[in-house]
1. For the stretch A:124-255, compute Rh as the Kirkwood radius over C-alpha pairs and then the Stokes-Einstein diffusion coefficient at 25 °C and 0.890 mPa s; write the answer in µm²/s, rounded to an integer.
2. Leaving out ligands, DNA and RNA, calculate the buried accessible area for the pair B and A with a 1.4 Å probe, summed over both sides, in Å² to the nearest 100.
3. Given Cα pairs under 8 Å that are at least 6 residues apart, what percent is the relative contact order of chain B?
4. Write down the percent of antiparallel bridges among all DSSP beta bridges whose residues are both part of chain B, to the nearest 5.
5. Which stretch or stretches of the stretch A:382-403 have amide N atoms under 11 Å from the point lying 7 Å from residue A:32's Cα along the Cα→Cβ direction?
6. Tell me which chymotrypsin sites (Phe, Trp or Tyr not before Pro) from the stretch A:323-410 have a DSSP coil assignment and no more than 15 other beta carbons within 10 Å of their own.
7. For the stretch A:273-404, what is the convex hull volume of its Cα atoms per residue in Å³?
8. Amide H to amide H, which residues 5 or more places from residue B:36 or on other chains are under 5 Å from it, using H placed in the peptide plane?
Amino acid sequence: MNKRELEIKVPVLARVEGEGSLELLIEGEELREAKLSIFEPPRLFEKFLEGRHYTEVPDLVARICGICPVAYQMSAVHALEGLFDTRISEWIRAMRRVYYCGEWIESHALHIHLLALPDFLGYQSAPEMAKDHPLAVKRGLRIQALGNDLIKLFGGRSVNPVGAEVGGFSGAPTKKEVNTLYSRLDQCIDESAELLEWLLTFSLPESNQDFPGVSLRHEYEYPMNEGRLASSDGLNIPVDAFENHFVERQVPHSTAFQCYRDDKAYLVGPLARCVLNSQHLNKQVKTILDAAKLKLNVGNSYHSLIARAMEILHAASEAKDLLRNYVKPNTTREKIITKAGVAIAATEAPRGTLWHRYEIDADGLVCKARIVPPTSQNQARIEADLRHALTTLGLYRPEEELRFQAEQIIRNYDPCISCATHFLDLRVNRQ
Amino acid sequence: MMKPRLAVHKFTSCDGCQLAILNMGEELLTLADLVDIVHFAEAGPVEPEAQVDIAIVEGSVSTPDELERIKRVRENSNCLITIGACATTGGIQALRNHQDSSQWVSDIYPQAQFIQSLNTSTAIREHVRVDFELWGCPVNSRQVKAMLRSLLFGVSPIDEKSSLCLECKRQQNPCVVVTKQEPCMGPLTRTGCGALCPHFGKACFACYGPSETVNSHSLVKRYQGFGVSKEDMIRRFNHIQNNAAAYKESVINIARNFDE
């Protein structure tokens, strides 16, 4: 009997980082098992949030993820402000979008250039790739730096930024600081457009799997901090109904939960957002996409590379619009009147919908916290995609080829930065 | 001449300190010219068992596997540098050290038997010899570049351990203690961040850890005068750098002496 047993190990998979492995069991022509195991050392954040004052929450949750701290801060502050009935000013609302644009630009540019492109162009790392493609890599690093600098305007630094508070911002940049950055945005917009056009010349593999994409959707803008939860197969619910439709399950091979919607695997992240909110995308993004005649498809995870570049261009353009007539306001935060109850919000992290729920007591202390990050939502989807992609490629293929395909599929989801480790240690047992 | 070999290892962390390297921009390419990066999973090269001149370690020790792995990193490295709060004091997740964390695990995970985790999160220094520590949650590119440049020049990196107040004064920020009666942790916190919080008019929350001389007794007394409660004061020490010796001691002293 032709039975081949494959074990593919990913020793440094991250956020969901730490240790991960992929186990494939192949019997004859059939893929019997495809398990993506994740062994991020658990940090037990939900537990040590208990007993903390609500004012500490933004600085604590920022430390869950070094790559998307703004997302954690934004989901937390919107949840708490919702409970406290805080009305934020137009200025705060707009500047929070600028702050979030910075994180999308930084995170997407980092993913495209340092993690994904070496796969497509055949290199082990970005510095190695830079020897043959110096201009493209340097352009990518400049876009990434601008994203970081947008976060710094309001947060002081781009990793664990310090400015976000429940109620607004601790302080505001001066007009002069904003102008210095504003003058760099035109170049960033031009370079982001070039990046998108360049990526659209790549011949991406075909794939058309049937599963829904999920993201926030907003009446009149591209979703970041507000909106309802929508899916490509018709879901449309307020974010506080999340728990009625979405269930997290623990699987033995992972320290990250796997999240299912009405028992189905689904996709969150830039590709789902672009498809569900195409009408709110910046005009230039649409023009470039139309010219390339690419129809974005949630069922093809390779399209996420394009979606990230689209969102970089969108975010850079939106940041420019929002900062055009910047004025430093007299107050940068609203007064908070605390109240006991349940606080819920979701915002769009670079990697997808990030849902938070807190129970707050009368003293403003956290009694209970629950956080559902994008990567746990995509995990079941990644496993299904691996199964599909490897079967389509042909299970008889050499191990090296199967391994490369598996790595690239995992990276398409940008599970989190160290997740996107550049090697899998493939072990094959033949029986 | 052969280029020095560099490895970047990740233990239990949020990955944020490694970004001090990945966010260097074009200088990242310069760094790749100056040293041979043999292991840095986030950036691509993976060779965790390689012999290197400099090993940079991010993250704390919180799993049985990490206990073993850090010993091998030490054996394979001439010079071992820790970056960030997790590697240097155990990080924010060291808050579990004061609790029954196996209970915490089972509160979060329905099937706790699948979770391999120690009851403590500890600094790298508690397990192997460390040659130099960079403090901060997170460390920034300036600190990492200064440290690497010093090593490449063959000199010891400078240990920046003075209190944040000095840097804050040099920037001419209005003091938030004096002007707003905010219980700022700056006087007890080591410099390095660039005084970001006071620049925004916000009290420092000690993410860089203890400065060289921590006189928490006097400071806590002063903040007690502002009306800060005992619980609030304890939380300010029992925070991101909760496992740093000077802060742990301060918590014990506040618990004993606050009401006097």
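The values are calculated or read from the model by the stated rules, or taken from the named source; none is laboratory data. All figures in this text were calculated on a predicted structure; none of them were measured in a lab. A quick note on method: Cβ atoms are made from the backbone with ideal geometry, for glycine too, and the neighbour counts reach across all protein chains shown. For accessibility, only protein heavy atoms count, side chains too; no ligands or nucleic acids. Shrake-Rupley method; radii C 1.70, N 1.55, O 1.52, S 1.80 Å.
1. Answer from the Stokes-Einstein relation: 126 µm²/s.
2. Roughly 5100 Å².
3. The value is 16 percent.
4. Working: 4 of 22 bridges.
The antiparallel fraction comes to roughly 20 percent.
5. Under 11 Å, as judged by backbone N against the label point of residue A:32, lies no residue of the stretch A:382-403.
6. Within the stretch A:323-410, the qualifying chymotrypsin sites (Phe, Trp or Tyr not before Pro) (loop, at most 15 other Cβ atoms within 10 Å) are A:396.
7. Values: hull volume 23.6 nm³, N = 132.
Given the Cα convex hull of the stretch A:273-404, per-residue volume reads 179 Å³.
8. B:5, B:6
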